[in-house]
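The values are calculated or read from the model by the stated rules, or taken from the named source; none is laboratory data. Everything numeric here is computed off the predicted structure, so don't read it as measured data. We place every Cβ from the backbone using ideal geometry, glycine too, and count neighbours over all the protein chains shown.
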């Protein structure tokens, strides 16, 4: 393959990925379970078993033996996401003739349920010791879109909480006293302190009509793999990261932020960053072992969302590491298994916990009386509220069976515990990365020795989490409950040219 063609293919792959990746999403938390159709057919097990030029996305050492080839594919990803906030436990009785106020039970299915996620790879064997390659993959992401902008409904947070905000006795909207505003006035807070903040809440255009986020991450991995001896190989790769983010409909939380102007409805913001990956593979006849480490990818900050994410918009990509083995009891059968670790604790915006019930109620109180000091962990600060995600361990096992020279079949199973505890479901309405079990099947058909068609199907089984938030002390009479749920289906097809 000539140099010009290689450059053209590489440029086209990057351009296509950047154009389409803004609708990507993932499943081990927000990471994809695997990279490339063959690897995903084995549920991501590939630390010791590279199969195509996308292998460096897992372990760069496994590029040895891949040969000269180009792989290009696209996944059609179908997540079904459900969110619910039931604020009926936030009830304020009639305080003076304006009537009682109560939160509502808001439940929505997320829209935008079909995503196209491309991938691309190429490898070239320079000699019997060195192979170089390039892998371009969507690492993962988070996407939700609740509500329809055309009919003005579906913002789960505002639909649930806004009805109980209420008014003071001098409010310009619906003179109370009623709801939380009237409750605070009854306990001595001057209405003059509350009214301007009520106006900001009621008139805030960023609270409606719909709610959602979109985060995508793309990794570009130029790779060098080197054969140390007949049985041992290493690989190194700089990892160039690109990510894009937008949020809308979060106006209710702007008063909870250290930088209210940079929380929501700022359009797309993007960032570039750099990290590195190193890997090892050992081949011992019927047994292969592999290990890989990917550093934290240090990204530019999302300046347009410096008031949403902790550390003023910092949103690096977490480090990962793993080990794996592949056993080939016969020439046609390979069984591979990996254990990997995703260190979500590297990133404060992901790892910091969300508010407790009392902290949430105090934040509302601070928003109504104009006292930001009542927000315990303001969004955007170093300790600002986040999604509460913990590090996760991912277990993968897959089978590859070469039925004939033309047909190969695969199957796999992938498990990772949900990255967040039940008491973190409030903010994870936006990012319900909670599916745990994934099953995959797939095949490769070779119409000629130099061409391959690979197809893979994945199903992630439905998982749900819920929590009842209950106030204490002065908030003992108030509570709300939240639920997240998700299931997924995906089909991926790729084509390879071997040279």
Restricting the search to the range 346-375, which residues are assigned to a loop (DSSP other than H, G, I, E, B) and closer than 20 Å to residue 185 by Cβ? 370, 371
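For the condition in contact (Cβ under 8 Å) with a residue 60 or more places away in the chain, surrounded by 23 or more Cβ atoms within 10 Å (Cβ to Cβ), within 17 Å of the chain's Cα centre (by Cα) and in a strand (DSSP E or B), what is the one hit in 490, 496, 485?
Numbers: 496 fails: within 17 Å of the chain's Cα centre (by Cα); 485 fails: surrounded by 23 or more Cβ atoms within 10 Å (Cβ to Cβ).
Answer to the selection: 490.
Each row is one residue, and each column tells you yes or no for (1) farther than 25 Å from residue 40 by Cα; (2) in a helix (DSSP H, G or I).
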| site | (1), (2) |
| --- | --- |
| 237 | no, no |
| 240 | no, no |
| 245 | yes, no |
| 261 | yes, yes |
| 273 | yes, no |
| 279 | no, no |
| 327 | no, no |
| 340 | no, no |
Taking the options 295, 288, name whichever one is in contact with a helix residue (DSSP H, G or I) (Cβ under 9 Å, 6 or more places away or on another chain) and within 21 Å of residue 58 (Cβ to Cβ). 288
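Restricting attention to the range 107-126, and to residues there that are outside any strand (DSSP E or B) and within 21 Å of the chain's Cα centre (by Cα), which single residue is modelled with the lowest pLDDT?
112
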For residue 194, are the conditions met, namely being in a strand (DSSP E or B), touching a helix residue (DSSP H, G or I) at 6+ places or on another chain (Cβ under 8 Å) and either at pLDDT 85 or above or surrounded by 20 or more Cβ atoms within 10 Å (Cβ to Cβ) (or both)? no
The condition from (1) out of contact with any strand residue (DSSP E or B) (no Cβ under 7 Å at 6 or more places or on another chain); (2) buried (at least 24 other Cβ atoms within 10 Å of the Cβ); (3) under 22 Å from residue 217 (Cα atoms) that residue 346 misses is numbered (2)
Identify, by number, the condition in (1) surrounded by 23 or more Cβ atoms within 10 Å (Cβ to Cβ); (2) modelled with pLDDT under 95; (3) under 30 Å from residue 54 (Cβ atoms) that residue 252 doesn't meet. (3)
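Go through the range 298-309 and count every residue that is surrounded by fewer than 24 Cβ atoms within 10 Å (Cβ to Cβ), touching a helix residue (DSSP H, G or I) at 6+ places or on another chain (Cβ under 8 Å) and touching a residue at least 40 places away in the same chain (Cβ under 8 Å). Spell out how you get there, then give the answer.
Let us first name the residues in the range 298-309 that are surrounded by fewer than 24 Cβ atoms within 10 Å (Cβ to Cβ), namely 298-301, 303-304, 306.
Narrowing further to those that are touching a helix residue (DSSP H, G or I) at 6+ places or on another chain (Cβ under 8 Å): 301, 303-304, 306.
Checking which are touching a residue at least 40 places away in the same chain (Cβ under 8 Å) leaves us with 303-304, 306.
The number of residues fulfilling the criteria is 3.
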Scan of the range 162-179 for residues that are modelled with pLDDT of 90 or more, within 12 Å of residue 101 (Cβ to Cβ) and surrounded by fewer than 23 Cβ atoms within 10 Å (Cβ to Cβ), ordered by number: 162, 163
Report the residue count in the range 255-275 for those that are surrounded by fewer than 16 Cβ atoms within 10 Å (Cβ to Cβ) and under 24 Å from residue 238 (Cβ atoms). 2
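Let me confirm something: among 228, 198, 218, which residue is without any contact (Cβ under 8 Å) to a residue 40 or more places away in the chain and under 40 Å from the mean Cα position of the chain (by Cα)?
On the way: 198 fails: without any contact (Cβ under 8 Å) to a residue 40 or more places away in the chain; 218 fails: without any contact (Cβ under 8 Å) to a residue 40 or more places away in the chain.
After applying the criteria, what remains is 228.
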Within the group 470, 406, 437, 465, which residue is touching a helix residue (DSSP H, G or I) at 6+ places or on another chain (Cβ under 6 Å), over 30 Å from residue 261 (Cβ atoms) and either modelled with pLDDT under 95 or surrounded by fewer than 18 Cβ atoms within 10 Å (Cβ to Cβ) (or both)? 470
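Do you know which of the residues in the range 71-106 that are part of a strand (DSSP E or B) and without any contact (Cβ under 8 Å) to a residue 60 or more places away in the chain is surrounded by the fewest Cβ atoms within 10 Å (Cβ to Cβ)? Spell out how you get there, then give the answer.
Keep residues of the range 71-106 that are part of a strand (DSSP E or B), which gives 71-86, 91-92, 101-102, 105-106.
Still in the list and also without any contact (Cβ under 8 Å) to a residue 60 or more places away in the chain: 105-106.
Values: 105: 13, 106: 25.
Ranking the qualifying residues of the range 71-106, first place goes to 105.
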Output yes when any residue across the range 281-291 is out of contact with any strand residue (DSSP E or B) (no Cβ under 9 Å at 6 or more places or on another chain) and farther than 24 Å from residue 391 by Cα, and no when none is. yes
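For the range 133-154, check the following and say yes or no: at least one residue is out of contact with any helix residue (DSSP H, G or I) (no Cβ under 9 Å at 6 or more places or on another chain), within 29 Å of residue 254 (Cβ to Cβ) and at pLDDT 90 or above.
Yes; the residues of the range 133-154 include at least one that is out of contact with any helix residue (DSSP H, G or I) (no Cβ under 9 Å at 6 or more places or on another chain), within 29 Å of residue 254 (Cβ to Cβ) and at pLDDT 90 or above.
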Here are 333, 374: which of them is farther than 30 Å from residue 287 by Cα, surrounded by fewer than 20 Cβ atoms within 10 Å (Cβ to Cβ) and either touching a residue at least 40 places away in the same chain (Cβ under 8 Å) or over 22 Å from the mean Cα position of the chain (by Cα) (or both)? 374
